[in-house]
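Student: Take this structure first; my questions come after.
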Amino acid sequence: MDQLQKKIDLLDKDRIPVHVAMIMDGNGRWAKKQGFNRSDGHAEGVSTVHRVTQMSSDLGVKYLTLYAFSTENWNRPTDEVATLMYLIGWAIERELPELLRNNVRIHLLGDIERIPEEPRQRLFYARDATAHCTGLQLNMCLSYSSRWEITEAARRLARRAAAGELDPENISEEMLADNLTTAGIPDPDLLIRTGGEERISNYLLWQIAYSELYFTPVLWPDFTNEEYVDAILDYQNRERRFGKTSEQVQNNE
């Protein structure tokens with residue numbers, strides 16, 4: 001039995017996180033270490049996306065949310081942005097047959113209209129082609145930032161209030177959540193960030209209020225299935241209290 005299978009066997013199958021979010025960091029540094037261009041690192045990172053999507057599906061994760069391109073990433077060098085846009089379109093087209101075989105549904109989060117026409121149409125095609133799938137939901141955050149998302153939700157509620165359709169005093173947490181791009185999606189149980197940085201970087205700020213955070217120094221292209229299982233094992237060893245005491249949690253269990 002290989003090492004990965006041994007670790008999978010240690011997992012409590014009843015406590016697999018329903019929703020895993022990931023910040024895929026370290027492509028550029030990986031490429032630099034190898035003596036490659038940054039674009040080569042992003043291309044290698046696509047293979048890791050393939051692995052973690054397959055592993056998520058195999059383990060029974062219901063939602064996988066990937067921070068593929070932030071609104072701040074538009075400020076990167078023009079040639080790098082162009083490469084990333086090409087890779088996004090190419091990768092989704094390449095992966096579509098296997099996503100369909102594995103019953104994976106694509107969901108897009110972010111200001112998608114900012115994505116150039118060609119990759120945007122490929123993304124829309126993959127989303128529509130997988131709309132019937134009932135397995136893992138793969139949420140791709142593209143041209144996304146949490147502050148943008150919350151601002152947009154506030155604007156929608158403000159317009160309703162200005163039109164007299166909504167009493168501002170009746171705005172609740174649930175109402176705001178229903179106006180986020182993640183409406184209808186449970187909050188992440190586990191947030192994984194690769195690459196050694198230990199910050200959230202404007203990602204799912206509302207949704208991760210009670211998520212477990214896992215930081216690893218491993219660069220995204222080197223993030224293996226074994227590393228992924230290690231993160232879930234670490235998650236399963238934590239006590240999730242949601243503001244309660246340990247005694248209350250144990251009594252409820």
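The values are calculated or read from the model by the stated rules, or taken from the named source; none is laboratory data. Values in this document were obtained by computation on a predicted structure and should not be read as measured data. Methodologically, a virtual Cβ is constructed for each residue, glycine included, from the backbone with ideal geometry; neighbour enumeration extends over all protein chains shown.
Student: Is there a residue in segment 43-54 that is more than 20 Å from Ile115 (Cα to Cα), outside any helix (DSSP H, G or I) and touching a residue at least 60 places away in the same chain (Cβ under 8 Å)?
Tutor: No, there is no match, as no residue in segment 43-54 is more than 20 Å from Ile115 (Cα to Cα), outside any helix (DSSP H, G or I) and touching a residue at least 60 places away in the same chain (Cβ under 8 Å).
Student: Can you go through Tyr203, Tyr235, Tyr144 and tell me which one is touching a Cys at 6+ places or on another chain (Cβ under 8 Å) and buried (at least 19 other Cβ atoms within 10 Å of the Cβ)?
Tutor: That would be Tyr203, the only listed residue that is touching a Cys at 6+ places or on another chain (Cβ under 8 Å) and buried (at least 19 other Cβ atoms within 10 Å of the Cβ).
Student: I'd like the full set of residues that are of a type outside the set (D, E, K, R) and surrounded by fewer than 17 Cβ atoms within 10 Å (Cβ to Cβ), limited to segment 21-51.
Tutor: Gln34, Gly35, Phe36, Asn37, Ser47, His50
Student: Can you find, within segment 58-80, the residue that is farthest from Val104 (Cα to Cα) among those that are among the small types (Gly, Ala, Ser) and crowded, with 19+ Cβ neighbours inside 10 Å?
Tutor: If we take residues in segment 58-80 being among the small types (Gly, Ala, Ser) and crowded, with 19+ Cβ neighbours inside 10 Å, then Ser70 is farthest from Val104 (Cα to Cα).
Student: Among (1) in contact with a Ser or Thr (Cβ under 6 Å, 6 or more places away or on another chain); (2) free of Cβ contacts under 8 Å to residues at least 60 places away in the same chain; (3) among the small types (Gly, Ala, Ser), there is one condition Ser145 misses while meeting the rest; what is its number?
Tutor: Unmet for Ser145, out of (1) in contact with a Ser or Thr (Cβ under 6 Å, 6 or more places away or on another chain); (2) free of Cβ contacts under 8 Å to residues at least 60 places away in the same chain; (3) among the small types (Gly, Ala, Ser): (2).
Student: Can you spot a residue in segment 163-185 that is surrounded by 17 or more Cβ atoms within 10 Å (Cβ to Cβ), at pLDDT 95 or above and under 19 Å from Arg15 (Cα atoms)?
Tutor: Within segment 163-185, one or more residues are surrounded by 17 or more Cβ atoms within 10 Å (Cβ to Cβ), at pLDDT 95 or above and under 19 Å from Arg15 (Cα atoms).
Student: Which of the residues that make up segment 105-140 are touching a Cys at 6+ places or on another chain (Cβ under 6 Å) and not charged (D, E, K, R)?
Tutor: Leu109, Gly110
Student: Between Thr130, Thr151, Thr134, Thr181, which is polar (S, T, N, Q), under 23 Å from Glu72 (Cα atoms) and touching a residue at least 24 places away in the same chain (Cβ under 8 Å)?
Tutor: Going through Thr130, Thr151, Thr134, Thr181 in turn, the sole match is Thr181.
Student: So, Leu213, is that one in a strand (DSSP E or B) and more than 17 Å from Phe69 (Cβ to Cβ) or not?
Tutor: Taking the combined requirement at face value, the residue satisfies it.
Student: In segment 179-198, what residues are over 24 Å from Gln236 (Cβ atoms) and in contact with a Lys or Arg (Cβ under 8 Å, 6 or more places away or on another chain)?
Tutor: Listed by number, the list holds a single entry, Asn179.
Student: Got at least one residue in segment 8-20 being modelled with pLDDT of 95 or more, surrounded by 14 or more Cβ atoms within 10 Å (Cβ to Cβ), more than 21 Å from Phe223 (Cβ to Cβ) and not aliphatic (A, V, I, L, M)?
Tutor: Looking through segment 8-20, none of the residues is modelled with pLDDT of 95 or more, surrounded by 14 or more Cβ atoms within 10 Å (Cβ to Cβ), more than 21 Å from Phe223 (Cβ to Cβ) and not aliphatic (A, V, I, L, M).
Student: Of the residues Met55, Met1, which single one is more than 23 Å from Glu198 (Cβ to Cβ), modelled with pLDDT of 95 or more and touching a helix residue (DSSP H, G or I) at 6+ places or on another chain (Cβ under 9 Å)?
Tutor: Selected residue: Met55, the only one of Met55, Met1 that is more than 23 Å from Glu198 (Cβ to Cβ), modelled with pLDDT of 95 or more and touching a helix residue (DSSP H, G or I) at 6+ places or on another chain (Cβ under 9 Å).
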